[in-house]
Each structure stands twice: as C-alpha cells, then as structure tokens.
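Chemist: Got a structure for you, questions after.
The values are calculated or read from the model by the stated rules, or taken from the named source; none is laboratory data. Given the structure is predicted, the values throughout are model-derived calculations rather than measurements. When we count neighbours, we look across all protein chains shown, and the Cβ atoms used for this are built from the backbone with ideal geometry, even at glycine. We work out accessible area using only protein heavy atoms, side chains counted, and drop any ligands, DNA or RNA first. Shrake-Rupley method; radii C 1.70, N 1.55, O 1.52, S 1.80 Å.
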Amino acid sequence: MKQEFPQRLQKLRERRRMSRKALGELCGLSKNIIGQYERGEKEPTLASIVALADYFEVPADYLIGRQNYL
C-alpha cells in the first residue's frame, strides 16, 4: 500500500479535476491530510480509505493496491 495508495488517490482526484480541498470537504477530511496521503507522508485510517473508496466508487482493495483494475 505504501506506493499504490498515494498514486491512485492522486490519479482519481485529478481525473475528476478536483482540488484537495474539495475532495477533503466531500469526504470529511482536511486538504492537508489529502496532501499527506498523496505524498505518502501519512498512512490512511480505515475510515479514510472507506470514505475515499465510497466517494470515487472504487473498491477499497483498488485504492490500497490489492486489486489492479477497476
């Protein structure tokens, strides 16, 4: 998950042309934590993974790198 999660999160966010702030507001997270996740500085909590997966309508396994396709 160390490398996959940051890259996949950023890719999903950028595909929707969203700012970190907008994504954070929609998922109940701060823009700073979204940035830390994308840079790989902080590991996401299970609640954060679920919130982000639900928002992007992708399996949590995809976000954390256990599934390679959508």
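Chemist: So which residues in region 1-21 are aliphatic (A, V, I, L, M) and within 10 Å of GLU38 (Cβ to Cβ)?
Modeler: Residues of region 1-21 aliphatic (A, V, I, L, M): 1, 9, 12, 18.
LEU9, the sole residue that qualifies.
Residue by residue, here is whether (1) open to solvent by less than 60 Å² (accessible area, probe 1.4 Å); (2) part of a helix (DSSP H, G or I); (3) among the β-branched types (Val, Ile, Thr) holds:
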{"residue": "ARG17", "(1), (2), (3)": "no, no, no"}
{"residue": "GLY24", "(1), (2), (3)": "yes, yes, no"}
{"residue": "TYR55", "(1), (2), (3)": "no, yes, no"}
{"residue": "VAL58", "(1), (2), (3)": "yes, no, yes"}
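Chemist: I've got another one for you. Could you tell me how many of the residues in region 26-50 are among the aliphatic types (A, V, I, L, M), farther than 17 Å from GLU4 by Cα and open to solvent by less than 70 Å² (accessible area, probe 1.4 Å)? Talk me through it step by step, then tell me what you get.
Modeler: First, pick out the residues of region 26-50 that are among the aliphatic types (A, V, I, L, M): 26, 29, 33-34, 46-47, 49-50.
Going one step further and asking which of them are farther than 17 Å from GLU4 by Cα, we end up with 26, 29, 47.
The next check asks that each one be open to solvent by less than 70 Å² (accessible area, probe 1.4 Å); those that pass are 29.
Qualifying residue count, region 26-50: 1.
Chemist: Give the residue that is nearest to the chain's Cα centre (by Cα), with candidates limited to residues of region 26-44 that are outside any helix (DSSP H, G or I) and closer than 12 Å to ILE64 by Cβ. Talk me through it step by step, then tell me what you get.
Modeler: Looking only at region 26-44, we keep the residues that are outside any helix (DSSP H, G or I), and these are 28-30, 40-44.
In the following step, the residues that additionally are closer than 12 Å to ILE64 by Cβ were identified as 43-44.
Working: GLU43: 11, PRO44: 8 Å.
Per the criteria, the residue is PRO44.
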